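First the structure, in the form of C-alpha cells, and then the observations on it.
The values are calculated or read from the model by the stated rules, or taken from the named source; none is laboratory data. Since the structure is predicted, the reported quantities are computational estimates derived from the model, not experimental observations. Ideal geometry is used to build each Cβ from the backbone, glycine not excepted, and the neighbour counts take in all protein chains shown. Keep in mind that these areas ignore ligands, DNA and RNA; they rest on the heavy atoms of the full protein, side chains included. Shrake-Rupley method; radii C 1.70, N 1.55, O 1.52, S 1.80 Å.
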Amino acid sequence: MSSDTGPTGGSIDTVGSGETYDEGADEATGDPDEGVSDLPLAPYPPNLGHPKLHALRQVQDPIAFSNRASAVRDVYRIWLPGLGDLTQVTHPDHMKRILLTEREKFRKSDDFGIAFGDGLLTVEGEEWAQQRKTLQPLFVRESVMGYADTMVEQVQRRVDRWTESQHLDLQSEMTDLTLDVLFAAILGRELAVDGDEKIRRSAEALHDWFLPTSYPLPRWMPTPARRRFREGKRTLQQEADRLLEEASRNPPSDPTEADDLINLLVGLRAAGVTDSGMLTDERLRDQMVSIIFAGHDTTTTSLTFALWALAEHPDIRERFHAEVDALDGPPTAEDVEEGRLEFTDKVVTETLRLFPPVYALPRIADQDVQFNGYRVPEGERVGIIIRRIQRDPRFFDDPTAFDPDRWTDEFRQSLHDFAYAPFGGGPRICIGRQFALLEAKLSLATIGRNYELYYLGEEGEHDGPPLSPQMTLRMKEGQEFLVTER
Ligand code: HEM
C-alpha cells in the first residue's frame, strides 16, 4: 500500500550539525550539498496545488487527508489557516525520536498552556519533573488497583438505570460514566447520578477550546465555543477551590497515605512540602482542571468504540460475554490481575489500536530538525499521527480489521515499540494509563454482565461508525445503541 521509501533508520538531525544523513535522503530533492530540502506539501489532492485548497480538504476530513498523504510518504507538510505550516509524521521511528531519543528538540504545543495554565499536561523541564513525581503515587499500580471497587460501584450505579429496549447515545452516556468514575476515584467527590449537570457540562466544555473551526481565528477573538470553554473552566476552578478549602480543614497527617488528588495536595501543603512545583492555589486549580480534561474524554471514547466493536462483531461479543459471565460476581481488581479478563483486555487493546482517542500528538520543533532528509524549521508545529501509525500494514496484518486475537505475547514482543502507542511514549507517557485500562476493563465487564448492546447508528466513512475528530477522536454525536437485558 505505501510507496514510501521507508524511514526505518531515518534520523532527525539538527540541521547543520554536520552529521551525515543516510536513509530516506533519496526522498529529498533540494540542495545536494546539504542533503536536505524543504518538506513538500502533502501529496493530496493531486490536482489541487494551492496550499489553501489542501487546507480546505484537511479541515473537511482530516482522517481522509492523512490516510491519503501517509500512503505516499511518512512525513509531509500541510498548511492551515491561522496555524501556518505544519509537519505530520506517520512512522513509529519518527514518533520514537520526537518523544524519546531526541525529545529535547521538541516542546509541547502552547495551546494546552493557554487553555489550562500550569498543570502536569503542560509544564516543561524541572517543574514537569517535580509535578510528575508528586502525582505519581496516585497512579502507581497499587493505588490504581485500590480504585477498582469505586469504579465498579460507579458504573453499576449508572447502568442500573438502563432499561430493556432503551435507545442510548453511548458517547453521551459514557461521558457521564467516566466523569462519575474520575470524580469519585481521583477527585474524592461523588457526582449525583442524575445531577451535577453544571459540573458535567463544564467538563465537556473544556474541549471547546480545541475545536478545529477555531484554529483560523486569533486567540483573543471571542467565539461561542471559547466562551463555553471559559465558563466551564471557571466553574471547575470554583469547584476545585471549594474542595480544596473543605479538605484543608482536615488535611491528612501523612500525605503519602492520601488516596485522592485533593487530599494529596492539601496534605503536602500542610506538611510544609515546598518543592512539588504545584502547591499554590493557582497551581492546585490548574492541576485539577488538567486532570479532568485529560482523564475523562479519552476513556469515554475508548469505551464507546469498544462497545461499538462488540456490537458489530457477534463472534467476538459472544466470547466476551462468556468471559464476563464466568466471573464469580461483579468484576474485581483480582479478576484483572489474575487474568480472568484476558479476552476483555485484548478487546480494549485492539480498540485503542483502531480508535486511539488521542489520534494525533502535537509538538513544536525547538530547533531546526530533519526528517528523512527534509528540513523542518525551528518553531514549526509537528503532529504525530498515531491513528495512521497504528493502522500501518507494515506493522499490522489486515490493519483495519478488529481482531483482538492478534495480541498474542509473541506479536507484542515482535512489534516496533512505537507502532502501538495510544498513551504516547517516553517520559511524558500518559500518567493515567493504568487507571484508564483498569476502568475500561471493569466498565466493559460490568456492562457485559448485565446487557447486550446493538448498534443502530449510521455507517461511517472510515471502517467504522461516523467520527468527529476534535481534540480526541470521538464517535459523532447521536449514534444510538439498543440496550437488551441479559
Ligand atoms: C484511554 C484513555 C487515555 C488515553 C488514550 C490517554 C492518552 C494520553 C496521551 C497520548 C498522553 C501523552 C500526551 C503528550 O505526550 O502530549 C497523555 C498524557 C496524560 N494523560 Fe492520558 N490518556 C488516557 C487517560 C488518562 C486518564 C484516565 C488520566 C488521569 C486520570 C490521564 C492523565 C494524563 C496526564 C496528566 C497526562 C500528561 C502527562 C505528562 O505530561 O507527564 N490520562 N494521555
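Some points to look at:
- Scope region 85-122; condition more than 14 Å from the ligand (Cβ to nearest atom) and either without any contact (Cβ under 8 Å) to a residue 60 or more places away in the chain or among the polar types (S, T, N, Q) (or both); matching residues: Thr87, Gln88, Thr90, Thr101
- Once region 316-333 is narrowed to residues that are within 16 Å of Asn450 (Cβ to Cβ) and of a type in the set (Gly, Ala, Ser), the residue that is least open to solvent (accessible area, probe 1.4 Å) is Gly329.
- Checking every residue in region 366-378 against the condition of being surrounded by fewer than 21 Cβ atoms within 10 Å (Cβ to Cβ) and touching a helix residue (DSSP H, G or I) at 6+ places or on another chain (Cβ under 7 Å) gives at least one match.
- Residue within region 273-281 that is within 13 Å of the ligand (Cβ to nearest atom), surrounded by fewer than 24 Cβ atoms within 10 Å (Cβ to Cβ) and either modelled with pLDDT of 85 or more or not in a helix (DSSP H, G or I) (or both) present: yes
- Considering residues of region 365-388 that are touching a Ser or Thr at 6+ places or on another chain (Cβ under 6 Å) and within 13 Å of the ligand (Cβ to nearest atom) only, the residue farthest from Asp74 (Cα to Cα): Val382
- Across region 343-364, the qualifying residues are those that are under 12 Å from Arg381 (Cβ atoms) and among the aliphatic types (A, V, I, L, M), and the one among them that is farthest from the ligand (Cβ to nearest atom) is Ile364.
- In region 345-362, the residues that are of a type in the set (A, V, I, L, M, F, W, C) and assigned to a helix (DSSP H, G or I) reach residues that are within 9 Å of the ligand (Cβ to nearest atom) and open to solvent by 30 Å² or more (accessible area, probe 1.4 Å) with C-beta atoms within less than 7 angstrom, at least six apart or across chains, in these pairs: Val348/Leu437.
- Given (1) open to solvent by 10 Å² or more (accessible area, probe 1.4 Å); (2) more than 16 Å from the ligand (Cβ to nearest atom); (3) at pLDDT 95 or above, index of the condition Val336 fails: (2)
- Pairs are defined by a Cβ separation below 8 Å, a sequence spacing of at least 6 or placement on different chains, a first member in region 231-258 that is hydroxyl-bearing (Ser, Thr, Tyr), and a second member that is open to solvent by less than 100 Å² (accessible area, probe 1.4 Å); the pairs so defined are Thr235/Ile199; Thr235/Ser202; Ser248/Val266; Ser248/Arg269; Ser248/Ala270; Ser253/Gly267; Thr256/Pro137.
- Screening region 149-201 for residues that are within 22 Å of Ala258 (Cβ to Cβ) and charged (D, E, K, R) and picking the one that is surrounded by the most Cβ atoms within 10 Å (Cβ to Cβ) gives Asp180.
- Restricting attention to region 68-125 and to residues that are assigned to a loop (DSSP other than H, G, I, E, B) and among the hydrophobic types (A, V, I, L, M, F, W, C), the residue that is farthest from the chain's Cα centre (by Cα) turns out to be Leu83.
- Residues of region 126-148 that turn out to be surrounded by 16 or more Cβ atoms within 10 Å (Cβ to Cβ) and either more than 13 Å from the ligand (Cβ to nearest atom) or not in a helix (DSSP H, G or I) (or both), as a count: 3
Yes/no matrix, rows are residues, columns are (1) part of a loop (DSSP other than H, G, I, E, B); (2) within 6 Å of the ligand (Cβ to nearest atom):
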{"residue": "Ala421", "(1), (2)": "yes, no"}
{"residue": "Cys430", "(1), (2)": "yes, yes"}
{"residue": "Gln434", "(1), (2)": "no, no"}
{"residue": "Leu438", "(1), (2)": "no, no"}
{"residue": "Leu444", "(1), (2)": "no, no"}
{"residue": "Gly448", "(1), (2)": "no, no"}
{"residue": "Tyr454", "(1), (2)": "no, no"}
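- Within the set Thr235, Thr256, Thr298, Thr304, the sole residue that is under 30 Å from Gly117 (Cβ atoms), out of contact with any helix residue (DSSP H, G or I) (no Cβ under 6 Å at 6 or more places or on another chain), modelled with pLDDT of 90 or more and assigned to a helix (DSSP H, G or I) turns out to be Thr298.
- Just one of the numbered conditions (1) open to solvent by 50 Å² or more (accessible area, probe 1.4 Å); (2) near the ligand (Cβ under 9 Å from one of its atoms); (3) under 25 Å from Leu310 (Cα atoms) is not true of Asp409: (2).
- Any hit, region 190-209, residues being in contact with a Gly (Cβ under 8 Å, 6 or more places away or on another chain), under 21 Å from Ala294 (Cβ atoms), at pLDDT 85 or above and of a type in the set (Val, Ile, Thr): no
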